[in-house]
Amino acid sequence: PQTEDTVTMTVSYSEYQPHVGDQDALKLTVAAAVQETGQVLAKELLVRLHTPELTLTLLGPAVVGQEVPVQVVFQNPLPEPLTGASLRMEGAGISCPKPVSL
């Protein structure tokens with residue numbers, strides 16, 4: 001009576017990966033049944049997955065009318081290699097986005 005207990009469960013990437021798709025969130029549902037009272041409890045939690053950041057660094061001076069090299073850094077947090085990825089640079093004055101396949 002009047003006690004609290006904590007139960008820890010781990011959801012591995014291999015378990016939720018097939019269900020995420022292009023979404024950046026998981027919806028977790030926990031249900032419990034109290035045998036003594038027959039009461040059923042449920043709780044849902046929406047968990048936002050953190051997407052990795054892109055870091056952009058100019059590698060030279062930005063001069064009007066001249067090309068400027070830009071370094072893009074991205075760290076893959078997944079336990080598997082990415083395939084079919086591409087980067088696309090867009091911005092004011094760039095007439096056509098330039099995709100780069102990775």
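The values are calculated or read from the model by the stated rules, or taken from the named source; none is laboratory data. Given the structure is predicted, the values throughout are model-derived calculations rather than measurements. Glycine also receives a Cβ, built like all others from the backbone with ideal geometry; neighbour counts cover every protein chain displayed. Side chains included, ligands, DNA and RNA excluded: accessible areas come from the protein's heavy atoms. Shrake-Rupley method; radii C 1.70, N 1.55, O 1.52, S 1.80 Å.
Structure data summary
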{"item": "Compactness relative to 2.2 N^0.38 Å, alpha carbon Rg of the chain", "result": "1.82"}
{"item": "Cut-off under 5 Å, modelled amide H: who pairs with Val70 long-range", "result": "Leu59"}
{"item": "Accessible area per residue, Å², the chain with all protein chains present, probe 1.4 Å", "result": "95"}
{"item": "Full-extension gain in nm, Met89 to Gln66, via 0.36 nm per residue minus C-alpha separation", "result": "6.7 nm"}
{"item": "Table column - 3J(HN,Hα) (Hz), region 37-51, Karplus curve with 6.51, -1.76, 1.60, x for Gly and Pro", "result": "10, x, 6, 10, 10, 8, 8, 10, 9, 9, 10, 7, 7, 7, 8"}
{"item": "Extension gain from Lys27 to Glu15, taking 0.36 nm per residue of separation minus the Cα-Cα distance", "result": "3.0 nm"}
{"item": "Cβ-defined net charge surrounding Leu46, 14 Å radius [Lys, Arg +1; Asp, Glu -1]", "result": "+1"}
